[in-house]
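Asker: Below you'll find the structure I mean.
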Amino acid sequence: MKRIFLLITILMVVIACENDNLFQDNEAQPIEKSAVIQAFPEVIELTAGFQPEGIAIGTNQTFYVGSLSSGQIYKGNLRTGKGELLAIPTVPDQLVGLSFDKRSGYLYGAKGFSGMGAVYNSKTGDIIQSIPLASPMTDLINDVVVTSDAAFFTASLTPTLYKVPLTKNGQLPDPVQVIALPLSGDFNMNPNPMIPQLGAFSNGIDATENGKQLILANTGRGEIYRVDPYSGEAILIDLNGALLPFADGILLDGDILYVVQNMLNQVAIVKLFHEYLKGEIVGTIQHDSFGIPTTASQFGDHLYFVNSHFDIAPPTDIFPDVEFELIKVPKYKVND
């Protein structure tokens with residue numbers, strides 16, 4: 001029990017937590033921004049105290065960020081930097097990873113220790129479907145990616161990947177089906193002794209463009225895997241012995257994988273080969289404006305990273321005066 005308690009404590013510090021504040025009004029409220037006029041600003045300010053974790057970019061230069069401490073969704077515009085609260089839960093909630101499906105316009109959210117997944121209307125913020133994946137507090141639903149035929153949710157306390165099949169054009173079936181895929185093969189939940197962190201767990205997830213392979217990050221082992229979306233078999237991606245400690249959100253762009261290393265305040269750039277079975281770390285993104293980035297999304301030739309500021313605003317409490325941001329960084333240029 002002691003080990004489980006410690007693991008959950010570390011997960012709450014690094015990833016998410018329950019909190020019952022920041023619930024002031026049930027109506028979406030505009031958030032005032034600074035008067036700086038700049039198209040596609042390099043730093044986009046979120047509302048103070050928001051405590052963000054996940055990000056998804058939708059249509060028309062729109063971005064969505066979820067709050068660990070309240071479960072709120074902030075919707076903004078990448079061009080102007082302006083935004084507003086889109087969804088304000090009426091009861092305490094939390095939101096971790098996000099994924100946008102452009103076919104349906106649905107926004108998928110991983111809801112942490114509640115054991116739930118959720119599907120939102122990206123225009124109104126209304127919940128279209130709540131999806132029970134695990135019993136509350138028995139698992140941490142951490143991240144989500146949507147492919148052509150399913151949504152996949154990662155779990156951080158068990159070696160499980162939750163699959164929610166979709167119908168044509170990204171629609172939810174009636175009733176919604178949940179398939180628990182055991183992560184097998186090379187997936188390992190034993191801590192890596194070379195990484196100074198308790199526990200090993202699934203975190204960020206992405207998919208190849210055709211959806212035939214998933215890429216999964218293991219935070220406490222510093223490993224990434226190629227995962228079969230039908231069987232759950234995980235194959236360790238060979239990085240020539242290199243590790244990626246504190247791997248959080250990941251973003252696959254062709255054969256380039258961006259791995260956000262939250263507590264290291266950097267992003268590793270991995271070039272993948274041989275059908276995503278081998279990789280080489282070809283660079284690292286560091287930025288003066290990084291403040292413990294957690295997740296990433298892309299728009300055009302730029303990446304957008306969420307600053308969580310876990311160093312000054314750990315998710316075990318609320319920090320209403322702390323400012324949070326998105327940081328824009330150019331994509332890695334692949335040499336011919």
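The values are calculated or read from the model by the stated rules, or taken from the named source; none is laboratory data. Predicted model, so just to flag it, every value in this text is computed and none were measured. Cβ sites come from the backbone with ideal geometry, for glycine too, and all protein chains shown count toward neighbours.
Asker: Which numbered condition in (1) touching a Leu at 6+ places or on another chain (Cβ under 6 Å); (2) closer than 22 Å to ALA110 by Cβ; (3) free of Cβ contacts under 8 Å to residues at least 60 places away in the same chain is the only one that TYR230 fails?
Answerer: (1)
Asker: Just name the residue that is nearest to ASP139 (Cα to Cα) out of those in segment 179-214 that are of a type in the set (A, V, I, L, M) and surrounded by fewer than 16 Cβ atoms within 10 Å (Cβ to Cβ).
Answerer: Among residues in segment 179-214 that are of a type in the set (A, V, I, L, M) and surrounded by fewer than 16 Cβ atoms within 10 Å (Cβ to Cβ), the one nearest to ASP139 (Cα to Cα) is ALA180.
Asker: Tell me which of these ALA87 doesn't satisfy, since it passes every other one: (1) closer than 22 Å to ASP317 by Cβ; (2) surrounded by 24 or more Cβ atoms within 10 Å (Cβ to Cβ).
Answerer: (1)
Asker: Which ones in segment 281-303 are assigned to a strand (DSSP E or B) and β-branched (Val, Ile, Thr)?
Answerer: ILE281, VAL282, THR284, ILE285, THR294, THR295
Asker: Go through the residues of segment 310-321 one by one and say whether even a single one is hydrophobic (A, V, I, L, M, F, W, C), under 24 Å from SER99 (Cβ atoms) and touching a strand residue (DSSP E or B) at 6+ places or on another chain (Cβ under 7 Å).
Answerer: There is no residue in segment 310-321 that is hydrophobic (A, V, I, L, M, F, W, C), under 24 Å from SER99 (Cβ atoms) and touching a strand residue (DSSP E or B) at 6+ places or on another chain (Cβ under 7 Å).
Asker: Please go through segment 220-236 and give me each residue that is in a loop (DSSP other than H, G, I, E, B) and either at pLDDT 95 or above or surrounded by fewer than 21 Cβ atoms within 10 Å (Cβ to Cβ) (or both), ordered by number.
Answerer: ARG221, GLY222, ASP228, PRO229, TYR230, SER231, GLY232
Asker: Suppose we filter ALA242, ALA268, ALA296, ALA313 for residues that are surrounded by fewer than 19 Cβ atoms within 10 Å (Cβ to Cβ) and either free of Cβ contacts under 8 Å to residues at least 40 places away in the same chain or within 23 Å of SER70 (Cα to Cα) (or both); which single one remains?
Answerer: ALA242
Asker: Within segment 25-38, does at least one residue satisfy the condition of being at pLDDT 95 or above and in a strand (DSSP E or B)?
Answerer: no
Asker: So which residues in segment 43-77 are buried (at least 23 other Cβ atoms within 10 Å of the Cβ), in contact with a Lys or Arg (Cβ under 9 Å, 6 or more places away or on another chain) and not in a strand (DSSP E or B), if there are any at all?
Answerer: GLY71
Asker: Which one of these is outside any loop (DSSP other than H, G, I, E, B), over 26 Å from THR59 (Cα atoms) and touching a strand residue (DSSP E or B) at 6+ places or on another chain (Cβ under 6 Å): VAL270, VAL306?
Answerer: Unique residue meeting the criteria: VAL270.
Asker: Hey, another quick one. From the list ASP101, ASP93, exactly one residue is at pLDDT below 95 and either out of contact with any Gly (no Cβ under 6 Å at 6 or more places or on another chain) or not hydroxyl-bearing (Ser, Thr, Tyr) (or both). Which is it?
Answerer: Matching residue, one of ASP101, ASP93: ASP93.
Asker: Looking at segment 198-210, which of its residues are within 19 Å of ALA296 (Cα to Cα) and small (Gly, Ala, Ser)?
Answerer: Those that are within 19 Å of ALA296 (Cα to Cα) and small (Gly, Ala, Ser): SER202, GLY204, ALA207.
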